[in-house]
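Step one of this worksheet: look at the structure below.
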Amino acid sequence: MADFWLRIFLVRHGHVAYFDKENKPVNPKYASLSPQGVEQIRLLAESIKDISFENVYSSTMPRSIQTAEILTQYQPSKEVIAVDTIREIKSGRLRDVPADKAQTELKEAYLLQTNQLQHFLQGENWEAFSRRVIEWFEQVIVSDSSRQNILISSHDVVNRIIINWMFDNHLADIYTQEQDYGCLNILDIHVKNNRIFRKRIKLQNFTIYNPFKTELFNSAMDDVYNMYVNNNGFKE
């Protein structure tokens, strides 16, 4: 009879420059870690170097793979399994967001339930995105048969959806579940008879490079909204 706890180390990738030197949006599909992001993850890797991971997952996006590779540098034989299912949610084009809806669709994008948003920035459907992430996550959990540590290098919105799942909040607002660059979450999940029995959060949004969040006031979409406003909606 299978009866054990899994410990999930859920990490958001390090800092990425989503806008170029001319303040134009960079295609997030190809964005990689900035030097600042590499250093953020290097510090985290140093702190968890003595933890042995039975499985390591990333998305198929470069920034997620880079993060996983840095985090496992002290376990060079550990394979990083890149999974497309946990790629970040896909947005539409920022220039297509009407100015009169920018506050709701950009700055308040994570208030999906409050604002009754069906899509993220006129892109991927929230329900379909949540389903693909959680179905994969649950399958990973119940497919294991013994106590172990699992590392997942993922993304802002993916992590928020998983943390909401820990609270049994399906398609609820994810605004509260902050995920700063390079943050670590530790999730314990009790599996019994191939079923998820209990869940608990041991650590959330911990940034080893800035543990007291000094000057970390903005959320991800605050920065996107500010760039949109300062650049006339990227319409020029």
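Annotations
- Evaluation of ARG195 against the conditions (1) loosely packed, with under 13 Cβ neighbours inside 10 Å; (2) modelled with pLDDT of 95 or more shows that the sole unmet condition is (2).
- All conditions but one from (1) of a type outside the set (S, T, N, Q); (2) open to solvent by 10 Å² or more (accessible area, probe 1.4 Å); (3) within 17 Å of ILE134 (Cβ to Cβ) apply to VAL158; the one that does not is (2).
- Selection from region 182-194 of residues that are assigned to a loop (DSSP other than H, G, I, E, B) and either under 30 Å from GLU46 (Cα atoms) or in contact with a Leu (Cβ under 7 Å, 6 or more places away or on another chain) (or both): GLY182, CYS183
- Per the listing GLN113, GLN103, GLN179, the residue uniquely in contact (Cβ under 8 Å) with a residue 40 or more places away in the chain and in contact with a Lys or Arg (Cβ under 6 Å, 6 or more places away or on another chain) is GLN179.
- Candidates GLN204, GLN179, filtered to the one that is part of a strand (DSSP E or B), within 16 Å of the chain's Cα centre (by Cα) and of a type in the set (S, T, N, Q): GLN204
- Of all residues making up region 200-222, the number that are on the phi < 0 side of the Ramachandran plot and open to solvent by 50 Å² or more (accessible area, probe 1.4 Å): 14
- Failed item, numbered, when THR214 is tested on (1) without any contact (Cβ under 8 Å) to a residue 24 or more places away in the chain; (2) within 23 Å of GLN103 (Cβ to Cβ): (2)
- Flag for ILE174 being in contact with a helix residue (DSSP H, G or I) (Cβ under 6 Å, 6 or more places away or on another chain), of a type in the set (Val, Ile, Thr) and over 30 Å from PRO35 (Cα atoms): no
- The condition (being more than 21 Å from LEU6 (Cα to Cα) and either in a helix (DSSP H, G or I) or under 16 Å from the mean Cα position of the chain (by Cα) (or both)) is satisfied by just one residue among GLU135, GLU127: GLU127.
The values are calculated or read from the model by the stated rules, or taken from the named source; none is laboratory data. A quick note: this is a predicted structure, and the numbers were derived from the prediction, not measured. All Cβ positions, glycine included, derive from the backbone under ideal geometry; neighbour counts span all protein chains shown. For the accessible areas, the whole protein counts, side chains as well, though only heavy atoms, and no ligand, DNA or RNA atoms are used. Shrake-Rupley method; radii C 1.70, N 1.55, O 1.52, S 1.80 Å.
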